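What follows is a set of notes on a single structure, which appears directly below.
The values are calculated or read from the model by the stated rules, or taken from the named source; none is laboratory data. Just so you know, these numbers come straight off a predicted model, no measurement behind them. Neighbour counts are summed over all protein chains in view; Cβ atoms, including those assigned to glycine, are modelled from backbone coordinates with ideal geometry.
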Protein chains: 2
Amino acid sequence: MARSSASNIRLESSAAETYAAVRAAQLAGESVGLVPTMGALHEGHLSLVDASLAECDRTVVSVFVNPTQFGPGEDLASYPLVLEQDLRLLEERGCWLVFAPQAGEMYKPGHGTYVDVGSVATLYEGACRPTHFRGVATVVLKLLQIIPADRAYFGRKDYQQTLVIRKMVSDLNLPVEVRVSPIVREADGLAMSSRNAYLSESERQQGCLLWQSLKLAEKMYSEGETEVAAITKAMKERLASTEVEYIAFAAEGTMDEVTSIEGPTVVALAARVGKTRLIDNHTIG
Amino acid sequence: MARSSASNIRLESSAAETYAAVRAAQLAGESVGLVPTMGALHEGHLSLVDASLAECDRTVVSVFVNPTQFGPGEDLASYPLVLEQDLRLLEERGCWLVFAPQAGEMYKPGHGTYVDVGSVATLYEGACRPTHFRGVATVVLKLLQIIPADRAYFGRKDYQQTLVIRKMVSDLNLPVEVRVSPIVREADGLAMSSRNAYLSESERQQGCLLWQSLKLAEKMYSEGETEVAAITKAMKERLASTEVEYIAFAAEGTMDEVTSIEGPTVVALAARVGKTRLIDNHTIG
């Protein structure tokens, strides 16, 4: 165990010691919330921490840039690492323990076991990033064994990820309640993301087009347009200065594609702005 | 919760109630052992129960014929089901709780999540039964979430399975100690198996050839033969009246093939006798 300088927050890099600490708290009758993160924390992450603090006796945040959820050529090597800053933010908030392992603590030599959740992980993000959700599911399962939390908190920005997690938790009987918090946005509408730090000023303007295109979809629907093809066309025009990877319309709570909006429908999209890949989503209908 | 007639053993079919019972015991400071079985219990299973009783405060036995570990054309439909008899045996032994779910309790409609442990599962049993270990790993992971035991007990007869389980437990950080007990044999040397019930009297004689061939390997080694090819040839001759699926020589504790015996070496084999598929193994060297 270590403590950050002049800090009351507990910093652990050992899986075994983290497990022991969490179990001891639970055996003492305390509930534990887990917020899994890759660090570089922003207000989106902190809203999850706040949700955990509000309903759990102790809040654990994991900070781990998980290599198995990055594909070849993705931004694993450049992903921002600002642990001291993260610790300060988490201590101010009232977090109990930060689990920040090295990669070798999470993946021993010869690691070969992966969790695959099936069809919910195959389209959209799963199609663009073929091994991404396998890596996400595997590391979240591992984290939930090391930190057998009563509740785990995820952000709605990663909509498909929340479905992957819920599916895994249900299919594998993981004894944890999954909580999903709304997207937190910058004043200009850009969904908060650690990757926003990559954006130049002009790219930042382009990044705002994702949210603008989602608001456009909402406006068209409110004005009577229900055909996905027509709304998608208008969104793509709005997003013309970006490189759109997909625009998905799915029945809320699923990844099941719809061709017209006949009930609550999540519109999810991914687009590249320069070298940075951004995602966002919004529910209409 | 239900109790078997005139019984002190607790019988559960609900995953949620089983989890609650196990957690309550652990919160009261008691350790829990899990013996996962497919029922039709024999002295091999009961040796695992005894191992759990000896070192855990409470012993749970799961009885579930797991469909996902059977391939097309295998014996899922005919696998013996004798729950009342199993309950009597377990009650006599001093087991606390039997978890015997229906298939629909373990696999909800749309189940899609599986655990794959990689290379240790691909050869030998994994090659003969391509989805077998995926099903085994998945159901054991599920059982260990429903019954978050301190220790789990497996039989050495399923040697490769024990490696699959150990690999999964290690790679996924499952907080359980894996215990492996020796093979229990009939007086004539046949390894105990629920599938032995399928054998006619003449098939039973053939079944004994598996153990005889393993003893032959041991004898040849003790007389100076270290070449796997020579020992395999002699074993196949001894097994000529059966249909041999594989004979594997691997460094003890692995599935890494060896061509000569230079240290502790597990000899594992599978053979069909009539319609019944039997496996056995023995360590020499």
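The residue that is farthest from the other protein chains (Cβ to nearest Cβ), counting only those in the range B:79-122 that are of a type in the set (Phe, Trp, Tyr) and out of contact with any Lys or Arg (no Cβ under 6 Å at 6 or more places or on another chain), is B:Tyr79.
Just checking, which of A:Thr265, A:Thr232 is closer than 28 Å to A:Ala51 by Cα, buried (at least 18 other Cβ atoms within 10 Å of the Cβ) and without any contact (Cβ under 8 Å) to a residue 24 or more places away in the chain?
Working: A:Thr232 fails: closer than 28 Å to A:Ala51 by Cα.
Every option except A:Thr265 fails the conditions.
Looking only at the range B:22-42, which residues are surrounded by 15 or more Cβ atoms within 10 Å (Cβ to Cβ), touching a Lys or Arg at 6+ places or on another chain (Cβ under 7 Å) and over 17 Å from B:Val139 (Cα atoms)? Within the range B:22-42, B:Ala25, B:Val32 meet the criteria.
Within the group B:Val115, B:Val32, which residue is within 15 Å of B:Ile165 (Cβ to Cβ), assigned by TED's automatic domain parsing to the domain that holds B:Ser14 and touching an Asp or Glu at 6+ places or on another chain (Cβ under 9 Å)?
B:Val115
Only one entry in A:Gly263, A:Gly224, A:Gly253, A:Gly285 is at pLDDT below 95 and more than 22 Å from A:Ala40 (Cβ to Cβ), namely A:Gly285.
Test A:Leu144 against the stated conditions and say whether it is outside any helix (DSSP H, G or I) and either buried (at least 16 other Cβ atoms within 10 Å of the Cβ) or at positive phi (or both). Even if it seems obvious, please write down each step before you answer.
On the way: outside any helix (DSSP H, G or I): no; either buried (at least 16 other Cβ atoms within 10 Å of the Cβ) or at positive phi (or both): yes.
When the stated conditions are applied, A:Leu144 does not pass them.
Selection of first residues in the range A:146-158 that are under 27 Å from B:Pro175 (Cα atoms) and of second residues that are part of a loop (DSSP other than H, G, I, E, B) and among the β-branched types (Val, Ile, Thr), restricted to Cβ pairs under 6 Å at least 6 apart or on distinct chains, gives the following pairs, ordered by first then second residue: A:Ala149/A:Val176; A:Ala152/A:Val176.
Restricting B:Arg179, B:Arg166 to those that are away from every other protein chain (no Cβ under 13 Å) and in contact with a strand residue (DSSP E or B) (Cβ under 6 Å, 6 or more places away or on another chain) reduces the list to B:Arg179.
The single condition among (1) in contact with a strand residue (DSSP E or B) (Cβ under 7 Å, 6 or more places away or on another chain); (2) assigned to a loop (DSSP other than H, G, I, E, B); (3) among the polar types (S, T, N, Q) that A:Thr254 does not meet is (1). Would it be correct to say that B:Ser202 is surrounded by 16 or more Cβ atoms within 10 Å (Cβ to Cβ), of a type in the set (S, T, N, Q) and not in a loop (DSSP other than H, G, I, E, B)? The answer is no for B:Ser202. For A:Glu218, the conditions (1) under 27 Å from A:Pro80 (Cα atoms); (2) touching a residue at least 24 places away in the same chain (Cβ under 8 Å) all hold with the exception of (1).
Consider the range A:100-120. How many of its residues are without any contact (Cβ under 8 Å) to a residue 60 or more places away in the chain, among the aliphatic types (A, V, I, L, M) and more than 18 Å from B:Arg134 (Cα to Cα)? Here the count works out to 1.
Condition (residue is assigned by TED's automatic domain parsing to the domain that holds A:Val139 and out of contact with any helix residue (DSSP H, G or I) (no Cβ under 9 Å at 6 or more places or on another chain)) applied to the range A:56-70: is it met by at least one residue? Spell out how you get there, then give the answer.
As a first pass, look at the range A:56-70 and keep what is assigned by TED's automatic domain parsing to the domain that holds A:Val139: A:56-70.
Now narrow it down to the ones that are out of contact with any helix residue (DSSP H, G or I) (no Cβ under 9 Å at 6 or more places or on another chain): A:56.
Within the range A:56-70, one or more residues are assigned by TED's automatic domain parsing to the domain that holds A:Val139 and out of contact with any helix residue (DSSP H, G or I) (no Cβ under 9 Å at 6 or more places or on another chain).
For the range B:125-134, a tally of residues being more than 13 Å from every other protein chain (Cβ to nearest Cβ) and outside any loop (DSSP other than H, G, I, E, B) returns 4.
Looking only at residues in the range A:48-96 that are assigned to a helix (DSSP H, G or I) and of a type in the set (Gly, Ala, Ser), which one is surrounded by the most Cβ atoms within 10 Å (Cβ to Cβ)? Outline the logic, then answer.
Here is the first cut: in the range A:48-96, the ones assigned to a helix (DSSP H, G or I) are A:48-55, A:67-69, A:83-93.
Filter again for of a type in the set (Gly, Ala, Ser), leaving A:51-52, A:54.
On the way: A:Ala51: 19, A:Ser52: 30, A:Ala54: 9.
Among those residues, the one meeting the criterion is A:Ser52.
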